[in-house]
1. Hey, got the average number of other protein chain Cβ atoms within 10 angstrom for residues in B:150-162?
2. When only alpha-carbon atoms count, how far does the protein assembly as shown stretch along each of its three principal axes, as whole angstroms with the largest first?
3. What helices does chain A have that are whole DSSP H segments, at least 24 Å long along their own axis by Cα, and with mean Kyte-Doolittle hydropathy of 0.0 or more?
4. Quick check: pseudo-label points 7 Å beyond the Cα along Cα→Cβ at B:Ser118 and A:Asp135, how many nm apart are they?
5. Run the reach check for A:Lys452 against lysines, Cα to Cα strictly under 19 Å, same-chain hits fewer than 8 apart removed. What comes back?
6. Pairs of alpha-carbon atoms within less than 8 angstrom and 6+ residues apart define the contacts here; what relative contact order does chain A have, in percent?
7. List residues of region A:54-69, by number, whose backbone nitrogen lies under 13 Å from a label position 7 Å along Cα→C-beta of B:Asp93.
8. Projected onto the charge dipole of chain A (+1 at Lys/Arg Cβ, -1 at Asp/Glu Cβ, origin at the Cα centre), which of A:Gly158, A:Ser277, A:His447 gives the Cα projection farthest towards the positive end?
Amino acid sequence: MSAATPPQKHYPLTDAVDFVIVGSGASGGVLARELSQNGFSVVVLEQGPWLTTADFKHDEYMNWSHSALTNDFRKQPTTFRKTPRDKAVKQPALTYGRMVGGGPVHFTANFWRFHEIDFIEASRKGTIAGTGFADWPITYADMEPYYTKAEWDLGVSGQAGASPFDPPRSKPYPLPPMPVKSSGVLFEQGARKLGYHPFPAPMAVISQSYQGRMACAHCGFCMGFGCEMGAKSSPLPTMIPQAIATGRCEIRPHSYVRKIELDNNGRVTGAIYFDKSGKENLQHARAVILAANGSETPRLLLLSKSNRYPDGLANSSGLVGKYLMFNTDSLAGGLYEHPLNEYKSIEVTRIIHDFYEMDPKLGFYGGGGIDARFLWQPISFAFNGLPPRVPQWGSAYKQALQKYFTRSMVLAGHTTSLPVADNSISLDDTVKDAWGLPAMRVTYKDHPDDLKTTQFMVDRSMEILEASGAQEKWAYPVEESTYGFHLLGTCRMGNDPKTSVINPDHRTHDVPNLFLCDGSSFVTSGRGQPTETIQALAFRASDRITALAKGNQI
Amino acid sequence: MDIDETRRMFLGQAGAVFGLLCLSALTPDLLAQAHTYAQSAGGTKTYRFFTPQQATAFDAFAAQIIPTDSTPGAREANVVHFTDYLLSTIDKDQQKPVEDAFKALQAQVAKTVPGATSFTALTSAQQIEVMKAMEKTPDFNILRGFVITGFFGSPALGGGNKNQVGWRLIGFEDKFYYQPPFGYYDAQYDKGKS
């Protein structure tokens with residue numbers, strides 16, 4: 001696979017660096033660049049390999065079934081149960097990016113800001129029984145400069161002002177929208193007929209050359225794949241080389257952290273990790289930032305038990321791992337008269353936000369967006385891309401594969417998940433990973449309102465497909481989630497140490513030199529596209545942590 | 001991060017197959033072997049994992065999943081060699097489930113056509129009857145999964161999708177560069193604007 005790691009600064013284990021960052025992905029990559037550029041010494045511990053664009057292949061089977069870019073269930077098993085009353089069963093329950101650059105290396109590249117309402121929704125709409133629905137302690141106005149920074153520093157293509165629902169912004173997108181695909185055209189026409197407001201999807205893919213990177217070549221392998229052009233604006237071709245270039249940042253791949261060390265004064269002193277050979281090391285640091293994603297960050301805290309924190313580090317609230325939110329997705333497909341050839345170029349070119357907030361008269365909480373796309377590569381299409389009525393083998397199957405592949409698309413809805421305390425990441429009692437650590441146990445059952453919202457999106461999608469002239473349309477059934485990709489809410493931010501894990505500076509309420517910044521920081525789920533908010537939080541956290549460090553307040 | 005749908009589909013309805021296949025491993029060595037194997041595949045009738053009986057049964061099964069008609073089917077895509085390659089290298093952990101699936105197939109043959117000796121020896125109509133009787137089972141789906149993967153997978157992996165017959169069937173091309181317009185509707189849209 002990948003060649004040796006690029007030349008970079010090396011720190012001895014015994015030298016306490018300013019910051020150890022656990023994770024090099026959406027947030028860790030940003031924190032590494034920002035803090036190293038701000039003059040601090042940084043060691044990034046990343047569980048996965050350091051791959052380069054040359055390692056990325058158009059091999060659907062290896063990427064999906066052999067976890068080329070993601071956590072491998074065989075080595076890191078998970079268990080799943082719907083409620084704490086059920087027995088957890090060993091089965092794949094979630095996916096995250098496991099490599100330098102993290103999840104955004106393989107993500108679809110949808111890049112949506114949160115809207116103003118996302119931060120203040122509980123106070124506007126009221127609390128919801130049986131949930132931890134709450135306002136964030138920060139607002140959209142606090143975040144706006146950092147959304148802008150994320151878009152400009154990473155490279156995002158889009159059209160400011162194209163959606164009447166967009167929140168205010170201080171700058172346009174740095175790059176024009178990607179060329180519209182046939183799915184976008186049909187969706188736009190159908191949605192307009194129904195009075196909706198389709199607009200060019202903001203995508204973290206560069207439509208023109210940008211900051212030394214080449215523009216997207218429309219090869220069609222975004223979702224689930226690494227970009228061999230480096231045109232997808234993940235941390236891998238952006239934040240990581242810039243962090244290295246400071247001469248103050250060392251990225252250590254194949255470094256699997258098992259514990260954060262705590263001293264007698266209640267301060268963390270570093271991270272214990274297994275290196276590639278399985279040997280244990282302790283990297284000393286003056287402060288530690290966990291950016292390991294919404295599942296591994298709480299798991300690592302729960303693994304870091306001590307006399308002072310018998311229920312897990314920084315867990316005096318008991319909320320570490322709780323309020324897990326996956327977002328839900330709806331799906332409906334359509335067949336058209338002429339070829340769309342959706343296997344070319346990026347997945348998504350048009351979206352609507354007309355249902356970002358839904359009519360309270362519907363009687364349930366929720367909201368989201370809908371996009372038009374092609375979800376499939378050839379193998380996944382053959383498994384799942386045909387309407388349910390079509391036989392799954394034989395002559396009719398073969399004919400349908402031939403007919404539908406170039407002429408169909410799907411509408412995907414992306415929606416809210418309510419924070420429910422039982423939905424959680426915890427440590428499994430019996431199952432262990434390949435390093436002998438307790439496996440991750442996932443407990444998850446969608447709130448009824450989340451499923452109603454998903455069904456609402458399916459119904460609207462079917463209407464749009466009809467209005468767009470589909471010859472045939474079909475809906476995929478709405479089912480309870482048993483698998484997650486968006487890993488949100490498990491160490492929520494708040495002002496009250498009793499009801500949250502971190503404060504608005506991303507500092508844990510319990511430990512002054514321990515910070516958490518990733519999907520776990522979320523208070524609410526947003527509308528199904530969390531990555532830009534994770535990265536904007538990381539830019540903001542970098543500023544806050546820099547100010548605290550320079551003021552000797554860490 | 002926005003990959004719920006596909007992944008859910010892979011692991012959910014599609015089944016057991018991809019869920020199970022997830023459990024396998026890859027090393028760079030194996031990739032190199034895969035390449036070598038891909039170069040040589042099809043030229044030999046020897047198998048690394050399949051018994052001769054299993055290979056002929058799987059060949060007949062595959063030919064019913066994606067039949068050969070006016071266009072090539074699973075047989076021409078070389079899915080038997082592809083599956084044999086996967087099962088003897090990166091998907092070794094699937095050997096047991098696949099062996100169990102062959103046993104289940106044989107048991108269904110005996111049940112549906114009493115006295116029949118093998119799946120291969122049945123008429124096409126009888127084979128279809130046997131497959132319909134077990135099409136909802138994990139045994140059926142693991143075999144079907146390997147057929148589909150061998151028909152549509154990257155030709156660089158294990159010599160399946162030979163001569164890209166799977167991709168040609170559906171109109172897929174694996175190129176590193178495309179320019180708009182990509183399809184009929186965006187071509188019309190751009191015309192309307194100019």
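1. Average neighbour count from other chains, rounded to a whole number: 4.
2. 82, 60, 51
3. Numbers: long enough: A:448-467 (29 Å, -0.42); A:531-550 (28 Å, 0.11).
Helix filter hits for chain A: A:531-550.
4. 7.5 nm
5. A:Lys82, A:Lys125, A:Lys361
6. On the way: 1374 pairs, mean separation 125.0, N = 554.
Computed over chain A, the figure is 23 percent.
7. A:65-68
8. Result: A:Ser277.
FYI, it's all coordinate maths here, none of it is from the lab. What you are looking at is a predicted structure, and each value in this text was computed from that prediction instead of being measured. Cβ atoms come from the backbone with ideal geometry, glycine included; neighbour counts cover every protein chain shown.
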